[in-house]
Amino acid sequence: MKRRYALHPMEFAIGETEQFYSEMAAKGWFLEKRGAWFSRFRRGEPAAMRYRVELADLRFLDPDHGLPEEQISVYEECGWKYVTGHGLFHIFSSPADSDAPEFYTDPRQQALVLRGLRRSYVSSWILLIVIFAVNTLFYFSFGSRTFGNWWGSWYHVFVSDTGIVLTLAAMLFWGLFSLFYGNIRIGQLYRRLRKGIPMDHTPRRRNWFYKGIRLMSACAVVYSLTVMGFQYLGAYRGDMPEVSDGPYLTLEKLGVEGERHSYFTNGPSGLRYEKGLLSENWYTNEQVYQPQKEDIVWLYQDVYRLRRPQMADSFVESLMWDSAWSSSPADYTRLNDSRFDGVWSGRNEMIVQSGDTVWVFTYYEMETAFSREDLLQAVAERQLK
C-alpha cells in the first residue's frame, strides 16, 4: 500500500496538526494532500520532519484562500517546502535537523495572522444563523404554519424514518460542537500569542475530551446510517397485492368491484413496506376503475405498527399536525367507536388507532363507493386476524 488516508486534527488545533504530521513522517507516511476531514499520505522511508502551518488571510468571496507566491518563495528560500493547502490551512515541511527558521520570531505577529481563522469561525456562526432564520421564515410563511406543524412533521418522521432524524441530529450536534469548541480553542491561542507566549508545536495534551466527543459523534452517525440503510435497503416496493398480507386493506375488501387502474396523477396501484427502528410501515396506493359508473375509486393508506404502544397518542397527534388536508388537530372530529382506541375524521381523511397500530386513510368522495362504517368494519375484521 503506497498511500493511505487518516483523520487529521481540526483547524483550531494548529500545534496538534503539526505534531500529527511529524509523527506520521516518523512512521514512514508523508503528507501529500489535506482535505476537509482526512489527509492523504504516501509511503516512504521514515524520517524526522518538522511541519508548520501557515494561515492565509480570509478574503471575502475568495474560495481559494491561497498564499501569495512571494510568501511561499520566501519560506522555501529559508528551507521550508510547500506541501499542500486546504482552505485557510497551508502546510510546509522541513527536515528536523535543518536550520530552517520559524516563520515568526514574535508571537504577536502570528496572532495577527490568526485573525483570519477566527473570522472564519464567526462567519460560520453567522451563516448558520442566517440559514436557520431563512428556513424558519420560509416554513412559517405558508398559511397557518405553526410550531405544532413543525413538531408534527419531525415527530412523524422520527417514528416512521428514525434513521434520518438520528443522522441529522448527530451531524448537527457534531457541527455545532465543533464550531463552539473551535471558537474557544482559537480564542485561547490568540490570547496567548497576544501575550507573547510562543505557539507549542509539540503539545503533550491530546485533547481527550474533544476526541471522545468526536468518536461518540462518529459512532452515532454510523449507527443512524446503519438504521437508515437497513430500513431502505430491506424495504419492499411493488404492485399492490390482490389479497392483503398486512394490516392494510384492499378496495375489494370494502366492496369496490372493478379492475386495478393506473391513474396518471397517482401512478399504478402499489405497496411500500419498511421496517424501521420504532415502527413497521405500510404505504398503499390503490385505484380501481368501475366501468358501470365510469369512475375511478382510489384510496391511500399509511399504516404504522409501533414498537412502543405508549407512543400512539403522541404519534396520532403528530399525524394531525402533519396532514396535507388539515392544519391542526382542531380540524378533526373524534368519533365514538368502542372497537378502537380512537377514531378521528377529517377532510378526506380518517385516522384509526387500535393498540400499537395506527391507520391513516386518505380518500376522495368516499360515500360514492363505500361508507365510513364499511371502512371501520373492515379494519375491525382485519385486526382480528
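The values are calculated or read from the model by the stated rules, or taken from the named source; none is laboratory data. Keep in mind that this is a model prediction, so the values were computed, not measured. Cβ sites come from the backbone with ideal geometry, for glycine too, and all protein chains shown count toward neighbours. The area values use the complete protein model at the heavy-atom level, side chains included, leaving out ligands, DNA and RNA. Shrake-Rupley method; radii C 1.70, N 1.55, O 1.52, S 1.80 Å.
At a glance:
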read-out	value
Additional length obtainable on full extension of the chain from Ser371 to Val130, 0.36 nm per residue less Cα span	81.8 nm
Length-normalised contact order of the chain in % [C-alpha pairs under 8 Å, at least 6 apart]	12 percent
Computed E for Ser338/Arg305 - FRET, C-beta separation, R0 30 angstrom, nearest 0.05	0.90
Per-pair calculated FRET efficiency, R0 = 25 Å: Lys33 and Lys211 via Cβ, rounded to 0.05	0.65
In Å², nearest 10: area of Cys78 left accessible to a 1.4 Å probe	60 Å²
Counted charge near Glu77, where neighbours are those whose Cβ lies closer than 14 Å (Asp, Glu -1; Lys, Arg +1)	-3
Helix runs (DSSP H) in the chain reaching 30 Å along axis by Cα, Kyte-Doolittle at least 0.0	107-140, 162-194, 208-233
Given charges at beta-carbon only (K, R positive; D, E negative), |dipole| of segment 273-346 in Debye	280 debye
Qualifying chymotrypsin sites (Phe, Trp or Tyr not before Pro) for segment 200-307 [loop in DSSP, other Cβ within 10 Å: at most 13]	Phe264
Count, lysine Cα pairs under 17 Å in the chain, 8 or more residues apart or across chains	4
3J(HN,Hα) from dihedral phi, segment 345-354, Karplus parametrisation 6.51/-1.76/1.60, rounded to Hz, x for glycine, proline	10, x, 5, 6, 8, 9, 10, 10, 10, 9
Ranking by accessible area, most exposed first, for Asp337, Asp57, Asp245 with a 1.4 Å probe	Asp245, Asp57, Asp337
Signed unit charges on C-beta, dipole axis of the chain, positive-most listed residue Trp154, Ile197, Met1	Ile197
Nearest-20 debye value, the chain charge dipole, Cβ charges on Lys, Arg, Asp, Glu	2320 debye
Which of Thr162, Thr202 is most accessible, then next, and so on - probe 1.4 Å	Thr202, Thr162
Label corresponding to semi-axes √(5λ) of the Cα gyration tensor in Å when calculated from the structure given, among [x] 62, 22, 18; [y] 32, 26, 21; [z] 49, 22, 18	[x]
Residue with peak Gaussian network fluctuation, the chain [Cα springs, cutoff 10 Å], from Asp322, Asp97, Asp313	Asp97
Cα lying deepest toward the dipole's positive end in segment 1-93, options Ile72, Ser93, Ala48, charges on Cβ	Ala48
